[in-house]
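Below is one structure, written out as structure tokens; comments come after it.
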Amino acid sequence: MSDEACSDQQSAPLGAVPRHIAIIMDGNGRWATQQGLPRIVGHEKGAESVRESIAACAEAGVAYLTLYAFSKENWLRPREEVSGLMVLLNRFLLDNTEDLKAKNIRLQAIGRLTDLPTSCQVALHRAIEATAACSGLTVILALSYSGRIEIVDGIRSLLREVEMGHLDKGMIDPETFSKHLYTRYYPDPDLVLRTSGEMRISNFLLWQISYAEIIFMSKLWPEFRKADLWSAIDEFSKRQRRYGGI
Ligand code: IPE
Ligand code: IPE
Ligand code: MG
């Protein structure tokens, strides 16, 4: 999308709103470097953009928001950056759970969650439990997430059902397979948004985004505000989705 289009939409859009938005929140490190600050400060600022995007989705009437917060590949980063990110995740969960609950927002998570430090797993499960009955926006954090590993985990889960005699292998189709993914409780994303100007998917929701609309914006994630999300929804509402038809 053009940068003009992602600047100053001041109110929630009135057109068709995507039911599920998935965001690749990229550019924290570059933002910090541009400011002459350590990369971790970019991640800290990024947490404010997370709150903004949640509020913007809630106000616009989006039902599901998936946030790519940490990929399986991100474990390869320097140890100090990884541990700093885990501290921030913990802090985010502790600081925001009550507010999410008060706003009727349900928190969920996908990925290999057992890879996370125990303190993060505990905070995450507390936040998920505390908000389990909330019926407004569902926010799904993708943590230690890899689209390819999710697909492999799905195949393993299917094979187990076949071996136990609960599933006839002739019955396997895309719908059946979708029920074995981490995302089985959620509809597929309608819109994928990536900040920072990178035009790639980076192993995010590979199966689920087969017919998603994609918007790349050059803004870095720490600069992302409500208006940017609303402008993206506005652009989405102008797209014609054809699913292979005419
Ligand atoms: C996204 O920002 C946050 C995570 C991947 C955890 P980056 O840290 O990738 O920032 P850049 O891409 O290096 O600027
Ligand atoms: C994708 O960003 C992962 C997250 C936003 C959590 P990366 O910065 O890790 O992706 P690449 O390395 O540029 O593809
Ligand atoms: Mg990046």
Original post:
For region 147-186, what's the radius of gyration and Dmax over Cα atoms, in angstrom?
Top reply: 9.8, 27
Subject >> region 83-140 - Debye-derived log10 I(q)/I(0), Cα point model, q = 0.22, 0.23, 0.24 Å⁻¹ >> reply: -0.81, -0.88, -0.94
Original post:
Given the protein chains as shown and a 1.4 Å probe, how many square angstrom of Glu198 are accessible, to the nearest 10?
Top reply: 50
Original post:
So what does log10 I(q)/I(0) come out to for region 64-187 at q = 0.17, 0.22 Å⁻¹, using the Debye formula with one equal point on every Cα and no solvent?
Top reply: -0.93, -1.22
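Carbon-plus-sulfur fraction of the accessible area of region 147-213, 1.4 Å probe, in percent? Please report the intermediate quantities before stating the final value.
Working: 2140 of 3880 Å².
Solvent-exposed carbon and sulfur of region 147-213 make up 55 percent of the total.
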Subject >> Heavy atoms of Met171: accessible area, 1.4 Å probe, square angstrom to 10 >> reply: 120
Subject >> Angstrom value of the Kirkwood radius, inverse mean 1/r, which spans all Cα pairs in the chain >> reply: 18.8
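When the chain is fully extended, how far beyond the present Cα-Cα distance does Ala16 get from Leu167, taking 0.36 nm per residue of separation?
Numbers: separation 151, 0.36 × 151 = 54.36 nm, distance 3.83 nm.
Contour length minus the Cα-Cα distance gives 50.5 nm.
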Subject >> Gaussian network model of the chain, Cα within-10 Å springs - most flexible of Ile214, Ile233, Ile149 >> reply: Ile149
Subject >> Share of alpha-carbon pairs per 5 Å distance bin for region 202-246, given as whole % >> reply: 5, 16, 22, 21, 23, 10, 3, 1
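Calculate the FRET efficiency for Thr114 and Glu48 from the Cβ-Cβ distance with a Förster distance of 30 Å, rounded to the nearest 0.05. Walk me through the numbers on the way to the answer.
Values: r = 29 Å, r/R0 = 0.96.
Result of the calculation: an efficiency of 0.55.
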Original post:
Using the heavy atoms of the protein chains alone and a 1.4 angstrom probe, what is the accessible area of the chain per residue in square angstrom?
Top reply: 50
Subject >> With all protein chains modelled, accessible area of Asp190 [1.4 Å, Å²] >> reply: 30
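The values are calculated or read from the model by the stated rules, or taken from the named source; none is laboratory data. Computed from a prediction, not measured in an experiment: that's the story for all the values here. Heads up, the Cβs are rebuilt from the backbone with ideal geometry, glycines too, and the neighbour counts pull from every protein chain shown. We work out accessible area using only protein heavy atoms, side chains counted, and drop any ligands, DNA or RNA first. Shrake-Rupley method; radii C 1.70, N 1.55, O 1.52, S 1.80 Å.
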